[in-house]
Structures are given as structure tokens and as C-alpha cells.
1. To the nearest 0.05, what FRET efficiency results for residue 74 and residue 236 with a Förster distance of 60 Å applied to their C-beta separation?
2. Computed FRET efficiency, Cβ-Cβ of residue 352 and residue 125, R0 35 Å: what is it to the nearest 0.05?
3. So between residue 143 and residue 27, what do we pick up on full extension, going 0.36 nm a residue minus the alpha carbon distance?
4. Select from 158, 204, 181 the residue farthest towards the positive end of the dipole of the stretch 91-210; place +1 on Cβ of Lys and Arg, -1 on Cβ of Asp and Glu, and compute about the Cα centre.
5. Residue by residue through the stretch 224-234, what is 3J(HN,Hα) from phi via Karplus (6.51 cos²θ - 1.76 cosθ + 1.60, θ = phi - 60°)? Round to whole Hz and write x for glycine and proline.
6. With springs connecting C-alpha atoms under 10 Å apart, model the chain as a Gaussian network and identify which of 392, 342, 274 has the largest mean-square fluctuation.
7. For a quick check, take a GNM of the chain with Cα springs below 10 Å and name the residue from 346, 313, 202 with the largest mean-square fluctuation.
8. Please give the charge dipole size of the stretch 120-223, origin at the Cα centre, charges +1 on K and R Cβ atoms and -1 on D and E Cβ atoms. Round to the nearest 20 debye.
Amino acid sequence: MVIWHKVAGFLIVGYLCMTRSFAYIGVPPLFIGEIVLAGFVLLKPRVALGTWAASLLRPSPLSTLGLALLVFMLYGLWQVGRGVLGGSSLFYTLKFFVFNYYAIYLLFGIWIGLHAPEFFPKLIRVIAWVSGVYSLVWLLLLKNAAVSIPGSHVTLFGVPSAGAVAILGLLCFERDLRAVWPVLALNIMVTLALQARTTWLGVAAGMLVWGLLTVRLGRVVAMGAAGLAVIGMIELSGFQLGVGGRAISMGEVLGRIIAPIDLELAKELTPHATKHASTAEWRELWWEQIWLSVHSAPMLEAFGHGYGFDLFGLAPESVRTGQEEWDVRTPHSVFYYALGYTGWVGVVVFAAFQITILRLLWQGFRLSGAPAGLVFWVMGMAMACFEAGFETPYKAIPFYLLVGMGMAPGLQVKGGEHARPARAQLLPAAGR
């Protein structure tokens, strides 16, 4: 068990902080996410497959989740079959199936959370420090480093993306934020400097949910004020920190947020407003074509185009120009990914699976009072609506591991009727 929770922590920190470059560790087609998942299933079969099978064979708090996961996996396998029969190679089609099988990491996260409950808050502190330090070094030194992973076009130093988890994790687990204010301020600063709107959305959504669950909306306001204070201090210092020649400033932050909604107003705040708007516009144009294509025939409307289909081929020529050599498979929206490849049936299956997770997280919060799982679920879902999410290892795997660990407190409450069946399934494998 000691090794496995460290493996989980290594994956989470690596994926969140270095994203795509970390995901390329391994020997194609076996990358680190697949290697660890295969190791978990083969070396801990009673934890992974045994827990899953037991949840289907006898009533337990995990029964609904086990059934939802089974349906989600089987539907994905059927879409793989459609793709292969449609002419796509099996190897290529399986790249789309990651959308389904990465969900098995949820069982890994639950197991870690049940058997090492003290690991979660410790992990958050590690994420916060590694995120803050690596992100700052990346912004100052590594962002322009023209070094790629051999045999690929992926940069060796991945774009950091751990800020949202670090900020929200500290909010959930630290009783006195004054004790961790240096690392909290550092993560707020680098998260603003990286200028990723989806990350800002995830932080805002997670903070709001945390405030409502804990009835501490005052701290949410205080965190927002802290973010404004960080922007103000950086502006006053004249310190140039940002990406693409755009340093942190109040106008730049607000303009980036407003640009997709009101371009003219955004132009009054930042000279980069047009570029900020265009990064959202190309997605909207592609999403429109996916919607029209899927709804062009009843079969497509129900089941989508199937895995292996060239969804990027539906995008307008203006969107595809200059990107012909890239294998673009994701429309940067979990909804349009599910709709385009798997149709409305696939959207419903995925939604049912996520609602099952949400239900267990809610039950866990009511039993234990621990809000982290719900906060991370809301954060992840909000971000996945506007970026590559569940179809990528560096987003999906940390999400399922964190949410699984966040689900565990509700399953381990002493004396609770919800705790006994779940632990009865998981505990026998702990010492193996």
C-alpha cells in the first residue's frame, strides 16, 4: 500500500504540473497512464476488478457506481467496434477509448482514500509547492525553451496546470490560510500569469461551491480580494510576468474574461482583446458544425460518428488552416466530444456516470463534512466544458484519482451503514 499511494501522488503531481510532457513518459503506445493502470489492475486485481465485480453482484454503496461504470465502458467498447468496422485501425480507434477506460482510476482513488486518509491533505501541500515553484520557473525561464521530447513535437517542459487544484485544495484542507499564505499567494500569482480562462473558471466555480457547502462565503470574498491584491502588487512593482508578451494587469485579466462576450468592451481594457476573442471563436465555429452534423440523421443523433471518426474534418476551413499535420481529436469540450463521437445516448451515459459520482460525493459530504471531493468534481466539470478534459490523461487521471480520494471519507465513517459494505470489499486487498 505504501508504494501505491506514492505512485498515485506521483501521477497527480506530474500530470498537473507538466501536463502533456509528463503524459509522454513511456514507450508508445504504452505511456505512463496506461502502464500504471495496467499495473494496478494486474497487481491489485481484488482492489480493481474485484471491487468492481463485487459491487455488481451484491448491494453496497458502490453498486450504482459499479453499474454506471460498466455501462460507460461497454458503450465505449461498442463505439470502438463501430470505428474499426468503419475502416479505422484498432490502435488509432483505441486512442478515443481513453475517454472511457481512464474512469477505472476512480477505483484506485477510492482505495487510496480508504486506506491512507491522511495522504490527501499531505498531497495537496506537495501539489501546492511543486505547482508554485515549477510554474514560476516555467514562466521565467522555461516557457521559451525550444526543447522537445525525442520523436515527438511535445515540448520537454510542459505547461503547468496545477494552480486550480492547489488553491482549492488549500482552501479545503487548511483551517488557517495564514499558515500557508506564501504558497497560496504564489499559486494565485502564477495562475493569473498563465492566463488560462478555464483554470480561472474552475477556481471560481470550486470556490463558490466550497463557500456554499461550508457556509463561509466570506472567505470566498476574501480569496477574491487576495487575487486582486496580487494583481495590484505586481502592477505597482512593474514586474513583467505572463505569457505571449502579456503581463499580468487588471485590464489584461478582465479583458481576457470579457473578450468572448463583448469584444468592444474588452478592447477598452486590453490591446490583445481580438486575440483573446479568437481563441474562443474557433471553438464555437467547430462546435456549431459538430451539432449540425450529428443532427443531420437519426442514427448520428442517437449514436454519433463513432470513435476513429475525423471530427476535426467537420471544422470550417478557416479553423483547420495551418493545422493539417496535427492529429486533432478533441473539440475542447466534453459535451461536444461525447456528442460528436457517441451521440445523445453517449452524452446521457456519460452524464449518468458523473451524476452517480456526484451522488456519492454528496453522501460523503453529508456523512463526513469533507467538501474536497465535491469541490474538485465541480472544478473539473466546469473546466472540461471549455478545454480538452476527460479525453486526455493529464486531465482525466488526476480528476478521477482526486475525486476518488474525495469520495472515501463518506465510505469510512465509523459505524455508518454506508461504510461497512464498501470497506468489506476493499480492505481484504490492503495487505497484498
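1. It comes out at approximately 0.55.
2. Efficiency computed from Cβ-Cβ geometry: 0.50.
3. 39.2 nm
4. 158
5. Once rounded to whole Hz, the list reads x, 5, 5, x, 5, 5, 4, 4, x, 5, 5.
6. For the chain, modelled as a Gaussian network with Cα springs under 10 Å, the answer is 274.
7. Among 346, 313, 202, the largest mean-square fluctuation in the Gaussian network model of the chain belongs to 313.
8. It works out to roughly 160 debye.
FYI, it's all coordinate maths here, none of it is from the lab. This is a predicted model, so every value here is computed, not measured. Here Cβ is always computed from backbone atoms with ideal geometry, including for glycine, and neighbour counts include all displayed protein chains.
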